[in-house]
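Scroll down for the structure; my scribbles are underneath it.
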Amino acid sequence: MPQTTSSSSDRLSDTYAPRPDRFDRAGQDQLVDVRDLQAALPGIHRLRKWAHDALALQAGEHALDIGSGTGSEVMAFANAVGPTGTAIGVEPDPQLLASAERRAKDAGSRAKFHTGDAYGLPFGADSFDAALCERVFQHLTAPARAATEIARVLRPGGRAVVVDVDWGTAIVHPGDLESVRGVIDTLVAATTNPFSGRRLPGLLTKAGLVIDEIGSHALIQDRTVGAGSLVHRISAMAVARGSISETQRDQLLADLERGAENGDIHLSVTMFAVLAHKPE
């Protein structure tokens, strides 16, 4: 997987929404959730394709998606493993779980879904040949527990792909550096596990897995959007918490709008993907 890939059509601005307590009731109400990005975005698409290629599912294998959302990846798993394999999604949100079950039924898919979370996967040890966990760890107060659970349910030789964002890599340009730092610090403070992306290899290694590959992908907001709703919302929070002044916020938003007009604008965040396996 390339270490840096990007697309100007990736949009970070308009599809974020809070989703409190989805993965960890001890965590914060999330200000942003990358899972709320439209799944069809080129950046997300490329990461998912890489994840499927890296897992290389074979007919008859048993595959798991942790935090399966509306079930699209589990249905893709079901197609890959065929009628002799199993594809299961685990999802704590009852609405998403019900949506996934409806979608699978309508599609005639063999995908199955169970309620559960990353801390307590409802399966025995050595149950799966492959596991995917996409954009979950940023929500967790105890990510090491989740990494241990992934290692527990994998069979010896089984492989896992874990994907997550690192909000410490967020870039906002143009703008006064003090104002930009105040906005990014607010974003980081509003996320339960904001530096999740950079921590994944270490967490998986400590859980007993062997790291095979690490890749990254920059999600870049459409340049024509300007500041977008995300920066508007976070910058308002930055004012409320005293990180920047109202005047600084107004100037930052104006700078970004001018940048959109003259082509001198860049807003992005980087996601990281880790492929690992359980030793034989």
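The values are calculated or read from the model by the stated rules, or taken from the named source; none is laboratory data. Since the structure is predicted, the reported quantities are computational estimates derived from the model, not experimental observations. Cβ sites come from the backbone with ideal geometry, for glycine too, and all protein chains shown count toward neighbours. SASA here: full protein model, heavy atoms, side chains in, ligands and nucleic acids out. Shrake-Rupley method; radii C 1.70, N 1.55, O 1.52, S 1.80 Å.
Here are the numbers:
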read-out	value
Backbone HN-Hα couplings from phi across the range 198-213 [Karplus 6.51/-1.76/1.60, Hz, Gly and Pro as x]	6, 8, 4, x, x, 5, 5, 5, 5, 7, x, 8, 10, 7, 9, 7
Within the accessible area of the chain (1.4 Å probe), percent carbon and sulfur	52
Fully extended contour minus Cα-Cα distance, from Lys49 to Arg223, at 0.36 nm per residue	60.2 nm
Separation of the Ala142 and Lys105 label points, Cα + 7 Å toward Cβ, nm	3.5
Where labels lie 7 Å past Cα in the beta-carbon direction, separation of Ser245 and Val188 in nm	2.4
Solvent exposure ordering (accessible area, 1.4 Å, most first) of His45, His232	His45, His232
Additional length obtainable on full extension of the chain from Lys112 to Asp264, 0.36 nm per residue less Cα span	50.0 nm
Förster radius 51 Å - calculated FRET efficiency between Ala56 and Arg181 (Cβ-Cβ, nearest 0.05)	0.75
Heavy-atom accessible area per residue - the chain, 1.4 Å, Å²	41
Mean Cβ count within 10 Å, highest first, over the residues of peptides 203-211, 242-250, 159-167	159-167, 203-211, 242-250
